[in-house]
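Remarks on the structure that follows.
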Number of protein chains: 2
Amino acid sequence: MKLLDSSYDVQQKILVAVDCIIFGFDSNNLKLLLFKRKVAPLKGQWSLVGAFVKNDLSINDAAKQILFESTGLKDIFLEELKTYGDLNRDPGERVISIGHYSLIGINDFDIEQVKEFDAEWFNINEIPELILDHRNMVEDAIIELRNKVRHQPIGFKLLPKYFTLPDLQTLYECIYQRPLDSRNFRKKFLSLNILIKTDKKDRTSSKKGAFLYRFDKEKFDDLIAKGYNFEI
Amino acid sequence: MKLLDSSYDVQQKILVAVDCIIFGFDSNNLKLLLFKRKVAPLKGQWSLVGAFVKNDLSINDAAKQILFESTGLKDIFLEELKTYGDLNRDPGERVISIGHYSLIGINDFDIEQVKEFDAEWFNINEIPELILDHRNMVEDAIIELRNKVRHQPIGFKLLPKYFTLPDLQTLYECIYQRPLDSRNFRKKFLSLNILIKTDKKDRTSSKKGAFLYRFDKEKFDDLIAKGYNFEI
DNA sequence: ACAAAAGTGTTCCGTGTACACCCATGA
DNA sequence: TCATGGGTGTACACGGAACACTTTTGT
């Protein structure tokens, strides 16, 4: 319902879009989800997943919906990155785009399924040329992602329920794109007390086998609530 | 110039606005700039400085221009906060707002001048009721501001050319809204090597007088470039 | 002489970081 | 037996945090 005196007197011709920078972790690599653009101009080129915002959805919900419709990925938690609002960033019309990013565990989803949508996972070091300012968005998002994981021990949603410490370390190494010292890494992570060790081992990647752990969700939530600062 | 195939087929009715969260430091207090809303609905109530984005300006330039037109404040560096895009945040129409914030030295500007624009500086602890989600924006901006100054020793633009260490400390105490230990503060700040001590004293606030310092712009820039982490 | 703000050093503790060897096992 | 990845401990350096007294000077 509109209020009586509700109509603003504005001659605005700005379209609002969202673009999604979706990182995926597949046990060994950090990947980025790209998409073959379906509309002119620039049709057929690689781009981020994005579209115009629908009138009846909040920006964040719109981003989720667009991601779902474009790739089949559902229930992805998206975080706002920032707004890209330069005048001529889109050769078509005046379009501003609100970047959103996320990091997901690729294996939780059907990795082939996205191909039906003309989407594809690219290794983070092998990203093709992207349209418009999308490459900027990706670079900004990587920086944000690193900042984020520095302040919140992630992992829950990126690793299977049971995982090994080497797995966890690989995850962080992928995000930071540099090797970490395993002794320090283990010491630090175990000191957080959010891991529960099981007596089972995973022997798929070594003969000795590595112990499986799982997250202690309660303690994890406590830690987040207290705003713990997780420097690696 | 538009490309031939440039018009997107979109029925979008979303207006794009910016709101500015302007913090000001006046040697003793952190203040917030507010503005009496001039358009219906909610006309006459206190709000942030904001308006719709013009078609021919980038978002950031639009924010600057709006700030200038609404308050007379010119050449203010604005930083994007985030987008407020919920469906019914504005009772008028569907409006999304991209929050921008800044921290300025109030004394560098004419403090009375803003009043001619129906704007006013409020002490950060005495903020009146604000329209829409503006209170949220302010809270988000304070958190951002604290995060920002934690990573970048500010001061340059907020203090006069010559200032005392107690002045500088007051600035940080205002931002963090808590007292700091003067011994630790001085030690930390001086160790950055970005201050140049003069042999003059300021005696306006004590009989003994406090030495005046100025910033060493070059070293300061070096420090920023290296991404120094300034925890207080 | 005293009030009021400026200025100064030390100690302790926690945490980041560097670093090298033994263990368990399947092949 | 050997190759492979898993797992462990120590020593040092640095920075944050707590803490109390002296100095200067106008009144």
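Annotations for the structure displayed:
- Looking across the stretch A:52-72, the residues that are in contact (Cβ under 8 Å) with a residue 12 or more places away in the chain and either open to solvent by 40 Å² or more (accessible area, probe 1.4 Å) or in the same structural domain as A:Y176 (by TED's automatic domain parsing) (or both) come down to A:F52, A:N60, A:K64, A:E69.
- So B:Q12, is it over 27 Å from B:E116 (Cα atoms), outside any strand (DSSP E or B) and of a type outside the set (S, T, Y): yes
- Residues of the stretch A:59-84 that turn out to be more than 19 Å from B:I59 (Cβ to Cβ) and either within 13 Å of chain B (Cβ to nearest Cβ) or assigned to a helix (DSSP H, G or I) (or both), as a count: 11
Conditions tested, residue by residue: (1) within 16 Å of DNA strand D (Cβ to nearest atom); (2) small (G, A, S).
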| position | (1), (2) |
| --- | --- |
| A:K115 | no, no |
| A:I131 | no, no |
| A:H134 | no, no |
| A:V138 | no, no |
| A:P153 | no, no |
| A:R186 | yes, no |
| A:G209 | yes, yes |
| A:D222 | no, no |
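Okay, residues lined up against (1) of a type outside the set (S, T, Y); (2) open to solvent by 70 Å² or more (accessible area, probe 1.4 Å):
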| residue | (1), (2) |
| --- | --- |
| A:L132 | yes, no |
| A:A141 | yes, no |
| A:F156 | yes, no |
| A:L165 | yes, no |
| A:T170 | no, no |
| A:R178 | yes, yes |
| A:R186 | yes, yes |
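- Selected residue (criterion: farthest from the other protein chains (Cβ to nearest Cβ)) from residues of the stretch A:121-143 that are farther than 17 Å from A:Q177 by Cα and in contact with a strand residue (DSSP E or B) (Cβ under 6 Å, 6 or more places away or on another chain): A:W121
- Checking A:D75, A:D9 one by one, the residue that is of a type in the set (D, E, K, R), at positive phi, modelled with pLDDT under 90 and open to solvent by 50 Å² or more (accessible area, probe 1.4 Å) is A:D75 and no other.
- Residue match in the stretch A:33-51 (condition: closer than 19 Å to B:S97 by Cα and without any contact (Cβ under 8 Å) to a residue 60 or more places away in the chain): yes
- When A:S205 is tested against (1) away from chain B (no Cβ under 14 Å); (2) more than 20 Å from A:G105 (Cβ to Cβ); (3) within 12 Å of DNA strand C (Cβ to nearest atom), just one condition goes unmet, and that condition is (2).
For (1) more than 9 Å from DNA strand C (Cβ to nearest atom); (2) more than 14 Å from every other protein chain (Cβ to nearest Cβ); (3) of a type in the set (D, E, K, R), each residue gets a yes or a no:
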{"residue": "A:P179", "(1), (2), (3)": "yes, yes, no"}
{"residue": "A:S182", "(1), (2), (3)": "no, yes, no"}
{"residue": "A:L190", "(1), (2), (3)": "yes, yes, no"}
{"residue": "A:D199", "(1), (2), (3)": "yes, yes, yes"}
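- Filter pass, A:L34 being away from chain B (no Cβ under 14 Å) and open to solvent by less than 40 Å² (accessible area, probe 1.4 Å): yes
- Options A:L130, A:L159, A:L171: the member that is of a type in the set (A, V, I, L, M, F, W, C), assigned to a loop (DSSP other than H, G, I, E, B) and not assigned by TED's automatic domain parsing to the domain that holds A:T83: A:L159
- Residues within the stretch B:85-120 that are within 14 Å of another protein chain (Cβ to nearest Cβ), buried (at least 17 other Cβ atoms within 10 Å of the Cβ) and of a type in the set (A, V, I, L, M, F, W, C), tallied: 3
The values are calculated or read from the model by the stated rules, or taken from the named source; none is laboratory data. If you're wondering where the values come from, they're calculated on a predicted model, not measured in any experiment. Here the Cβ is made from the backbone with ideal geometry for all residues, glycine too, and neighbour counts use every protein chain on show. The area values use the complete protein model at the heavy-atom level, side chains included, leaving out ligands, DNA and RNA. Shrake-Rupley method; radii C 1.70, N 1.55, O 1.52, S 1.80 Å.
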